[in-house]
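What follows is calculated from the coordinates using simple rules that are stated; it is not laboratory data. Owing to the predicted nature of the structure, the values given are computational and were not obtained by experimental measurement. Cβ atoms come from the backbone with ideal geometry, glycine included; neighbour counts cover every protein chain shown.
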Amino acid sequence: MLHHISLPVSDMLRSTTFYDKVLSRLGYWRVSDGPGFAGYGLEQDKDKFAIKLQTQLNPPNSRFHLAFSAPDRDAVDAFHSTAILMGAKDEGAPGTRPHYGDHYYAAFVVDHDGHRLEAVCNST
């Protein structure tokens, strides 16, 4: 349904450094970049990206929330610990969220620009 979603960022170098490390923990990579943007997706689909960082000064809406699929619980843990090490704000340590489902395992952070991010897997 969606081709990609754009996230406004205030500092492209800081943001690409953050997203390069954090998204690699989930199996996503920077697959495209150019003046004022960087695209992230699956390594095998280098001509496609799902997340596009774009240099803008507009702050995100505080209700915005983006959840990334993680291949397993270890990837959720790695996403969270890497994001915190890279300066993200902790919004929920890795763990089960039974109110979302029997096997819902997730972690939540807020990046440097205020984007609310989640990594989630639905397996045991």
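Looking at region 6-27, can you tell me whether even one residue there is closer than 19 Å to N122 by Cα, touching a Phe, Trp or Tyr at 6+ places or on another chain (Cβ under 8 Å) and in a strand (DSSP E or B)? No, every residue in region 6-27 fails to be closer than 19 Å to N122 by Cα, touching a Phe, Trp or Tyr at 6+ places or on another chain (Cβ under 8 Å) and in a strand (DSSP E or B).
Looking only at residues in region 2-19 that are surrounded by fewer than 16 Cβ atoms within 10 Å (Cβ to Cβ) and closer than 22 Å to A106 by Cβ, the one that is nearest to the chain's Cα centre (by Cα) is I5. For region 92-124, the set of residues classified as under 15 Å from D77 (Cα atoms) and among the acidic types (D, E) consists of E118 only.
Just to be sure before I move on: is A67 loosely packed, with under 13 Cβ neighbours inside 10 Å and part of a strand (DSSP E or B) in the structure I sent? Answer is yes for this residue. When you check F49 against the structure, is it surrounded by 20 or more Cβ atoms within 10 Å (Cβ to Cβ), assigned to a loop (DSSP other than H, G, I, E, B) and at negative phi, yes or no? Yes; evaluated as a whole, the condition is true for this residue. Could you tell me how many of the residues in region 77-120 are over 16 Å from R14 (Cα atoms) and of a type in the set (S, T, N, Q)? Adding up the residues that qualify gives 2.
The set of residues from region 87-124 being outside any strand (DSSP E or B), surrounded by fewer than 16 Cβ atoms within 10 Å (Cβ to Cβ) and of a type in the set (D, E, K, R) comprises R97, D102.
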